[in-house]
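The values are calculated or read from the model by the stated rules, or taken from the named source; none is laboratory data. These numbers were taken from a predicted model, which means no experiment stands behind them. A quick note on method: Cβ atoms are made from the backbone with ideal geometry, for glycine too, and the neighbour counts reach across all protein chains shown.
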Amino acid sequence: MKIRNCIAFTAAAAFASIASAGPSITVKYLGKGAGQDVNITFNGNSTNVFAGQLNHQLSNAGGGYGWLNGNHLTYCTDLSQYVTSTPKTYTIEDVKDIPGNAPMGQAKADALRALFAVAGGNQSVSTTSNDYATAFQLTVWEIVTDYNSSSFAINAASFTGGNFRAKKTGGSALSSSIVNTATSLYNAATSFLQTNGSSTELLGIASSSYQDQLVRVPAPGAALLAGFGGLIATRRRRA
């Protein structure tokens, strides 16, 4: 069964040739966490989608990734595919190599790592508020779609212009709570990048057919992933 939490604007066949070379993991979508429905526009197409936590069960991760086995509240990077409640084989990837249809590159990946670092896990717990989870997911999508290191910012205007736009499902502007939270998160992430550079508190799980997700690496797990960049950076997606 496919659950439409993100958006599929182009045919799935367009992505079928994209394969990943990372370690494998089994992924099953379990349901929504904190968040809310919003209306987004991406590449000129508009639809209502859920923005917030997605509960995924991860299993069969071996090697140094056994800590991934279990349930995780994730955030999606992929506005072109669906989640699925049928277990599927994904791969563990460097964030810069997702989403599979259009890898985001290092600058956006660093910005997302900084975003997760400054959130400090608040985005990935069951007590997260709906507004916070929604703001966090919208910030992820803004970074994935529109980020550049020289002139990018997040504020109320960010959600009304650019390649990615968002508003309430009824057509009115996002609440000030969501906009202010997104702005504060991005500003903190920018300061983090300037002071600390990148972070290790994030990895991607990817599929050529289903929606790619971001998984937070807890502090003990970050140490386990000290060599993650070197492992995955040597791998390339192949046609």
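Worth a mention:
- Qualifying residues in the range 78-92 (those that are within 22 Å of A111 (Cα to Cα) and modelled with pLDDT under 95) - the one surrounded by the most Cβ atoms within 10 Å (Cβ to Cβ): D78
Here's the yes/no breakdown for (1) within 13 Å of the chain's Cα centre (by Cα); (2) at pLDDT below 95; (3) surrounded by fewer than 24 Cβ atoms within 10 Å (Cβ to Cβ):
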{"position": "V38", "(1), (2), (3)": "no, no, yes"}
{"position": "V49", "(1), (2), (3)": "no, no, yes"}
{"position": "L54", "(1), (2), (3)": "yes, no, no"}
{"position": "S59", "(1), (2), (3)": "no, no, yes"}
{"position": "G66", "(1), (2), (3)": "no, yes, yes"}
{"position": "P99", "(1), (2), (3)": "yes, yes, no"}
{"position": "G121", "(1), (2), (3)": "no, yes, yes"}
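- Any chance V27 is within 20 Å of L202 (Cβ to Cβ) and at pLDDT 95 or above: yes
- Put simply, of T139, T127, T134 the only residue that is modelled with pLDDT of 95 or more and closer than 21 Å to N196 by Cβ is T139.
- Test: residue in the range 89-107 that is in a helix (DSSP H, G or I), farther than 18 Å from S46 by Cα and among the polar types (S, T, N, Q): yes
- Test: T26 is at negative phi and out of contact with any helix residue (DSSP H, G or I) (no Cβ under 7 Å at 6 or more places or on another chain): yes
- Within the range 170-213, considering residues that are modelled with pLDDT under 95 and of a type in the set (V, I, T), the one nearest to L54 (Cα to Cα): T200
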